[in-house]
Amino acid sequence: MSEPYPNLFKSLDLGFATLENRVIMGSMHTGLEDIRGGFERLTAFYADRARGGVKLIVTGGTSPDFCGQLVPFSSRLSFSWQVSKHRQLTAAVHDAGSRICMQILHAGRYAMHPFAIAPSAIKSPISPFKPRAMSAGAIKRCINAYVKAALLAKKAGYDGVEIMGSEGYLINQFICTHTNKREDQWGGSFDNRIRFATQIVDRTRKAVGNDWIIIYRLSMLDLLTEGSSWEEVVQLAQAIERAGATMINTGIGWHEVRIPTIAAMVPRAAFTWVTARLKPSVSVPLITSNRINTPEQAEQVLADGEADMVSMARPFLADAQFIDKAKNSEASRINTCIACNQGCLDRVFRKQRATCLVNPRACYETELIIEETNIHKKIIVFGLGPAGMAFASVAAERGHAVTAYDIADIGGQLRLAVKIPGKQEFAETLRYFRHAMEDHGVVLKLGQSLSARQIRATECDAVVIATGVTPRMPQIDGIDHRKVVSYVDIIDGKVAAAERVAIIGAGGIGFDVATLLLDQHQAKNKAQWLHGWGVDTEYDGRGGLLDQAEAVPSQRRIYLLQRKHTKPGAALGKSTGWIHRTVLKNAGVQMLSGVKYERIDDQGLHITHRGEVRVLEVDQIVLCAGQEPNRTLADDLQGSGILVHVIGGADKALELDAERAIRQGVELAATI
């Protein structure tokens, strides 16, 4: 049998070590690094991925000194007494047959504490604290701290380090004139501005010896007006190679720039072109990254010669067995990362432990345990949205006999989500759960249901109600007018969208409907997407930016309305909400808050906004005014004596929270 992904599973000789495949599990901050008892859980997290076939792991960022911590008390390696907790982690990964590198990350002006330092005293837009400009002595001490952290990492059993030189952190801050206004040997000319980076790599290599991995993460595309030119990127890469780096990883964009780089609406492998462009200029292996989430995509990138290795981070949150499944020709069974950011980045930004929307066991490996049951039950599930699918597949995996009903097909509201531009990745989730239910023997009864009376007459040990939600009907005079339609009918295509549309409700669904109605989002290729966000693939200007993004106004007139006085989309994800607002704003969608709905008639939608009575002369009014739990069946079963569990939207209809629904389904299945 031929190898399904020959380039992905080709070994890579580093001279002193051989990697068994071309995949790196990229750096992710999980939050486990920073909490009491977190290293034990972090050890289980990484060991699980190592057992799943990953052969080189890069940890989340660890600070080399006090000032470099991202937040107070975050992960740091500066003293010998801190080594022991790292040893348990490296030992577990080695026992599972993998290598692991520790990322050394100094936050610089991105630090969320008052002790922040930077090349120049220029405040970051994403931190409340203005940094102190580093003295020449402080710079030398900081370089020493990097070297010491690497030596301590080697003592702790790590196979190498990744030196974080991109995404706008301290090293990147030295390199770009945007943040480096110095006039001494650490500023001014490009040679001076890269001295900090090259000395860190050079001195680290001399300290750790030649047979140890040093990855340098280089910002190949700053996406910043005062970012590096392409000639400077090449010059830095060559200097880093001479300084002793084993490999160079690709960094894309600074955290403060307003161009999406890893969200779901970013095309897959959107930035591999920049890694490919650098390849002829260096001889060390290059690693590419960003929005590569399937083995097919990774294989294509490698086959096209765009990189020597592929870094994937969140795909290993979604599925710890990603590599083994790919190697065993079971890619269709991979629980694919959908790049929603909801369970990972958004939670970390809220100072919570990261996890994964599609895999709630991620970072909960020691707490959410799935094991075979000794008591086998007959369970009936009603509703196969995210909560129902998650419950049915895991309960059956544990050995229960599960029969699952849905009046339509699997997916519930996710069937609608896949039709929204930028959310097509949810199709992967539906594919995964369909296979999981089939593999574990769930009996599917699609297009069917049972009444409460029929259920009472059925022999079963428990009933799980996951019947989802129904759209809420707001109390507005004229709500039954012919112009009024439900978001369900618009997304499903049962009703054609008009040219002048008012959307009532500016939550997640309202934004989804508005995005669907924007004609310029249809059939875009990767190049069009990049140009639309102002990325210059010719790299003629600094930072890889075009002079002006190519936003295309919508041909439709769209109003997005809400009663709340808060900013429209305020409840959207912290890492993605700004993207959705920007898309709508650039397309000319009018977003109004603090709206009072007066009435609907032939003229349109009558509203009061900021004390002014207005008529929106629209042809269609789409209701996205929230949802209500669909608990009819659960209510009908009350007093029946049957054990009934209600999960997902049928339990709480909160912004159609798929992350909560899937977690609730898995947690119930793990204990029932």
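Can we say Gly53 is in a strand (DSSP E or B) and not charged (D, E, K, R)? Answer is no for this residue.
Hey, Arg614 hits all of (1) crowded, with 19+ Cβ neighbours inside 10 Å; (2) out of contact with any His (no Cβ under 6 Å at 6 or more places or on another chain) but one; which does it fall short on? Unmet for Arg614, out of (1) crowded, with 19+ Cβ neighbours inside 10 Å; (2) out of contact with any His (no Cβ under 6 Å at 6 or more places or on another chain): (1). Is there a residue being in a helix (DSSP H, G or I) and either touching a His at 6+ places or on another chain (Cβ under 8 Å) or outside the structural domain of Val488 (by TED's automatic domain parsing) (or both) anywhere in the stretch 398-412? Taking every residue of the stretch 398-412 in turn, none turns out to be in a helix (DSSP H, G or I) and either touching a His at 6+ places or on another chain (Cβ under 8 Å) or outside the structural domain of Val488 (by TED's automatic domain parsing) (or both).
Per the listing Ile607, Ile600, Ile558, the residue uniquely part of a strand (DSSP E or B), β-branched (Val, Ile, Thr) and in contact with a helix residue (DSSP H, G or I) (Cβ under 6 Å, 6 or more places away or on another chain) is Ile558.
Of all the residues in the stretch 275-292, those that are under 25 Å from the mean Cα position of the chain (by Cα) and surrounded by fewer than 23 Cβ atoms within 10 Å (Cβ to Cβ) number 2.
Listed by first and then second residue, the pairs with beta-carbon distance under 6 Å, at least 6 apart or on different chains, first residue in the stretch 1-19 and without any contact (Cβ under 8 Å) to a residue 12 or more places away in the chain, second in a strand (DSSP E or B), are Ser11/Thr18.
Can you tell me which residue in the stretch 362-401 is surrounded by the most Cβ atoms within 10 Å (Cβ to Cβ), limited to those that are of a type in the set (Ser, Thr, Tyr) and touching a helix residue (DSSP H, G or I) at 6+ places or on another chain (Cβ under 7 Å)?
Ser393
Hey, among the residues in the stretch 402-452 that are among the basic types (Lys, Arg) and under 19 Å from Val464 (Cβ atoms), which one's surrounded by the fewest Cβ atoms within 10 Å (Cβ to Cβ)? Checking each candidate, the answer is Lys445. Checking each residue in the stretch 192-222 for being surrounded by fewer than 24 Cβ atoms within 10 Å (Cβ to Cβ) and either assigned to a loop (DSSP other than H, G, I, E, B) or at positive phi (or both) picks out Ile194, Gly209, Asn210, Asp211, Trp212. Can you tell me which residue in the stretch 573-597 is surrounded by the most Cβ atoms within 10 Å (Cβ to Cβ), limited to those that are free of Cβ contacts under 8 Å to residues at least 40 places away in the same chain and part of a strand (DSSP E or B)? Among residues in the stretch 573-597 that are free of Cβ contacts under 8 Å to residues at least 40 places away in the same chain and part of a strand (DSSP E or B), the one surrounded by the most Cβ atoms within 10 Å (Cβ to Cβ) is Val595.
For the stretch 14-43, the candidate set comprises residues that are β-branched (Val, Ile, Thr) and not in a helix (DSSP H, G or I); within that set, the residue that is surrounded by the most Cβ atoms within 10 Å (Cβ to Cβ) is Val23.
Against the condition touching a residue at least 12 places away in the same chain (Cβ under 8 Å) and in contact with a strand residue (DSSP E or B) (Cβ under 6 Å, 6 or more places away or on another chain), how does Ile262 come out, does it pass? Answer is no for this residue.
When the stretch 5-47 is filtered for residues that are charged (D, E, K, R) and closer than 20 Å to Gln82 by Cα, the ones remaining, listed by number, are Glu33, Asp34, Arg36, Glu40, Arg41.
Residue count for the stretch 471-489 under the criterion of being at pLDDT below 95 and either buried (at least 16 other Cβ atoms within 10 Å of the Cβ) or in contact with a Lys or Arg (Cβ under 7 Å, 6 or more places away or on another chain) (or both): the result is 1.
As an exercise: evaluate Thr470 against (1) of a type in the set (S, T, N, Q); (2) assigned to a strand (DSSP E or B); (3) farther than 28 Å from Leu517 by Cβ and give the number of the one condition it does not meet. Failed condition: (3). Here Asp65 meets each of (1) of a type in the set (D, E, K, R); (2) touching a strand residue (DSSP E or B) at 6+ places or on another chain (Cβ under 9 Å); (3) part of a helix (DSSP H, G or I); (4) closer than 27 Å to Ala111 by Cβ with one exception, condition (3). When we screen Cys344, Cys363 for residues that are in the same structural domain as Leu42 (by TED's automatic domain parsing), in contact with a Lys or Arg (Cβ under 7 Å, 6 or more places away or on another chain) and not polar (S, T, N, Q), the only hit is Cys344. The condition of being of a type in the set (A, V, I, L, M), touching a residue at least 60 places away in the same chain (Cβ under 8 Å) and in contact with an Asp or Glu (Cβ under 7 Å, 6 or more places away or on another chain) does not hold for Leu414.
Checking Leu592, Leu654 one by one, the residue that is outside the structural domain of Ile503 (by TED's automatic domain parsing) and not basic (Lys, Arg) is Leu654 and no other.
Looking across the stretch 619-672, the residues that are more than 14 Å from Gly388 (Cα to Cα), assigned to a helix (DSSP H, G or I) and not hydrophobic (A, V, I, L, M, F, W, C) come down to Thr632, Asp635, Asp636, Thr671. Scanning the stretch 496-540 for residues that are loosely packed, with under 15 Cβ neighbours inside 10 Å, of a type in the set (A, V, I, L, M, F, W, C) and within 30 Å of Gly478 (Cα to Cα) gives a single hit, Ala496. Tell me, yes or no, whether the stretch 49-59 has at least one residue that is over 24 Å from Met309 (Cβ atoms) and not charged (D, E, K, R). Looking through the stretch 49-59, none of the residues is over 24 Å from Met309 (Cβ atoms) and not charged (D, E, K, R).
Sub-8 Å Cβ pairs linking a first residue in the stretch 273-289 that is in the same structural domain as Gly251 (by TED's automatic domain parsing) and at pLDDT 95 or above to a second residue that is among the acidic types (Asp, Glu) and outside any loop (DSSP other than H, G, I, E, B), at least 6 apart or interchain, are Val282/Glu241; Ser283/Glu241; Val284/Glu241, ordered by first then second residue.
The values are calculated or read from the model by the stated rules, or taken from the named source; none is laboratory data. No experiment lies behind these values; they were computed from the predicted model shown. Counting neighbours? That spans all protein chains shown, and the Cβs are built from the backbone with ideal geometry, glycine included.
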